[in-house]
Amino acid sequence: MKLQDIQPLSFPGYDDGAPIVIAGPCSAETEEQTLDAARALSSIGVKIFRAGIWKPRTMPGGFEGVGDRGLPWLQTVKRETGMLVATEVATIDHVKAALDAGIDILWMGARTSTNPFAMQEIADMLRGHNEVTVLVKNPLNPDLDLWLGALQRIMGAGITRIGAVHRGFSSAGEHIYRNNPQWHIPFELRRLAPGMTILCDPSHIGGKRKYVESLSQIALDTGFDGLMIESHCHPDQALSDSAQQVTPQDLGAILRRLVVRSGAPIEDELDLLRQQIDDCDHELLAVLARRMSVSREIGRFKRAHNLRVVQPQRYQDMIAARLDEAEQLGLQTDFTQRVMQAIHEESVRQQLSL
Ligand code: PEP
Ligand code: MN
């Protein structure tokens, strides 16, 4: 099977083209917390429940999930509410345990899709399990090929119920969002796999609950097939990702406010392009802020060593090198000169006012 042959996923309750909604806590913490969330989400019409039981945490010592003992809780959710259940798998042991427990949807997280060895082992373990649905989140770094490779490994194991989840990309420095959306990457994935279900995870992109609604609306407006949203009955007490989880009640209100538009091609195209402009501007501002912070650092060094703030030779060399580089990128010389001068002036001002 090729990427362009992947068919849309259909789930009971979402077969009329309505956006697919997968919701549930970042982590299953206790049986009670899991079931409370599931019941509340079912009552607002969510039909697919998510909960992580093996949690890949950046630092050791944090809450790393309840492990296998959370599987029966998910079985109870399925039995009691009739929702499909989804969890993250990162090792072959997780896959084995989740398949044995009859989990409907397995997703590979960003830390796993980044690792081709892990993806291949998981794919081999999934071989022959055509009953299961597999979702592959984008890798941590903005590398479309790595994402495609992860999807292809799963396809190579004969799995046909396959989809992707866009959760943004990790990046250094201060940004408004936790993860940089880099929307052009999932858009390119859409072009290469037009039929594949691609969901958006606004919770991990935004990192704060106040961004969930606007990011969800962007996702729906730009042709994503649905959303994966983290929801917890008491978000502030959540053991993982507490800042980004919304209550089931708030999620219900968000879902009611989201506007599902028909795919008018011209509008969509314009939206996609504007989104890319917004992306570029977010990056530009973050880079400028980082440059100023480095510049202040240099200023402190110069002061400590009694050096002049402006070193004319360094400035001339820098401008010449930038103009050269910019020209190769197709930028107008006088435009680059104005931009670089403005940036340099601001750097000098910051160094002088330390
Ligand atoms: C999650 O969904 O809770 C998770 C860990 O996601 P990601 O892999 O996107 O960080
Ligand atoms: Mn999470």
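Given the C-alpha atoms of the stretch 92-156, compute the convex hull and give its volume per residue in Å³. About 68 Å³ per residue, rounded to a whole number. Divided by 2.2 N^0.38 Å, where N counts the residues, the Cα radius of gyration of the stretch 140-204 comes to 1.18. Shown for Met196, Met1, Met340: other C-beta atoms within 10 Å of each C-beta, ranked fewest to most, produce the order Met1, Met340, Met196.
Our note on the geometry: Cα centres of the stretch 193-219 and the stretch 94-164, 20 Å apart. The ranking of Ile122, Ile48 from fewest to most other beta carbons within 10 Å of each one's beta carbon is Ile48, Ile122.
Sequence-ordered 3J(HN,Hα) estimates for the stretch 295-300 from the Karplus curve with 6.51, -1.76 and 1.60 and θ = phi - 60° stand at 4, 5, 4, 4, x, 5 Hz, glycine and proline given as x. Around the amide H of Met228, modelled in the peptide plane, lie the amide H atoms of Ile22, Cys200, Asp201, all under 5 Å away and 5 or more residues distant in sequence or on another chain. Couplings 3J(HN,Hα) for the stretch 285-293, derived from phi with the Karplus relation 6.51 cos²θ - 1.76 cosθ + 1.60 (θ = phi - 60°), are 5, 5, 5, 4, 5, 5, 4, 5, 5 Hz, where x marks Gly and Pro. Each eigenvalue of the Cα gyration tensor of the stretch 189-230, multiplied by 5 and square-rooted, gives one semi-axis; in descending order these are 21, 9, 7 Å. If one puts a single equal scatterer on every Cα of the stretch 269-319 and applies the Debye formula without solvent, what log₁₀ I(q)/I(0) results at q = 0.22, 0.25, 0.26 Å⁻¹? Calculated log10 I(q)/I(0) at the listed q: -0.86, -0.95, -0.98.
The Rg/Rh ratio of the stretch 68-197, with Rg taken over Cα atoms and Rh as the Kirkwood radius over Cα pairs, comes to 0.99.
Taking 28 Å as the limit for the C-alpha separation, the pairs Lys2/Lys208; Lys96/Lys210; Lys137/Lys210; Lys78/Lys137; Lys2/Lys210; Lys2/Lys55 exceed it in the case of Lys2/Lys208; Lys96/Lys210; Lys2/Lys210; Lys2/Lys55.
Legend: translational diffusion of the chain by Stokes-Einstein, Rh = Kirkwood radius over C-alpha pairs, 20 °C, 1.002 mPa s; D = 96 µm²/s. Dividing the C-alpha radius of gyration of the stretch 4-48 by 2.2 N^0.38 Å, with N its residue count, gives 1.44.
Under a Cβ-Cβ cut-off of 12 Å, what is the net charge of the residues other than Arg303 that fall near it, where Lys and Arg count +1 and Asp and Glu count -1? Once positives and negatives cancel, what remains is +3. Here the Gaussian network model covers the chain, with springs between Cα atoms less than 10 Å apart; of Ile205, Ile277, Ile298, Ile298 fluctuates the most. At the listed q of 0.16 Å⁻¹, the Debye profile of the stretch 22-106, built from one uniform point per Cα, gives log10 I(q)/I(0) equal to -0.54.
For Gly52, the residues 5 or more places off, or on other chains, whose built amide H falls under 5 Å of its own are Ser27, Ala28. The alpha carbon gyration tensor of the stretch 1-160 gives principal lengths a ≥ b ≥ c with a/c of 1.5 or higher and a/b no greater than b/c, which makes the shape oblate. Please go through the stretch 107-210 and write out the trypsin sites (Lys or Arg not before Pro) that DSSP classes as loop and that have at most 16 other C-beta atoms within 10 Å. Those satisfying the criteria are Arg127, Lys208.
Its DSSP H runs of at least 4 residues, each contributing -39,500 (n - 2.57), put the calculated 222 nm mean residue ellipticity of the chain at -15500 deg cm²/dmol, to the nearest 500.
Scoring 37-45, 5-13, 56-64, 278-286 by mean Cβ neighbours within 10 Å over their residues and listing the highest first yields 37-45, 5-13, 278-286, 56-64. When Rg and Dmax are taken over the Cα atoms of the stretch 212-352, they come to 23.1, 64 Å. What the phi angles of the stretch 136-143 give under the Karplus curve with 6.51, -1.76 and 1.60, with θ = phi - 60°, is a coupling list of 10, 6, 5, x, 4, 9, x, 10 Hz, glycine and proline written as x. Kirkwood's formula applied to the C-alpha pairs of the stretch 169-284 gives a hydrodynamic radius of 15.0 angstrom.
Bear in mind these aren't lab numbers, they're just calculated from the coordinates by the rules spelled out. Not measured: the values here are computed from a predicted model. Neighbour counts are summed over all protein chains in view; Cβ atoms, including those assigned to glycine, are modelled from backbone coordinates with ideal geometry.
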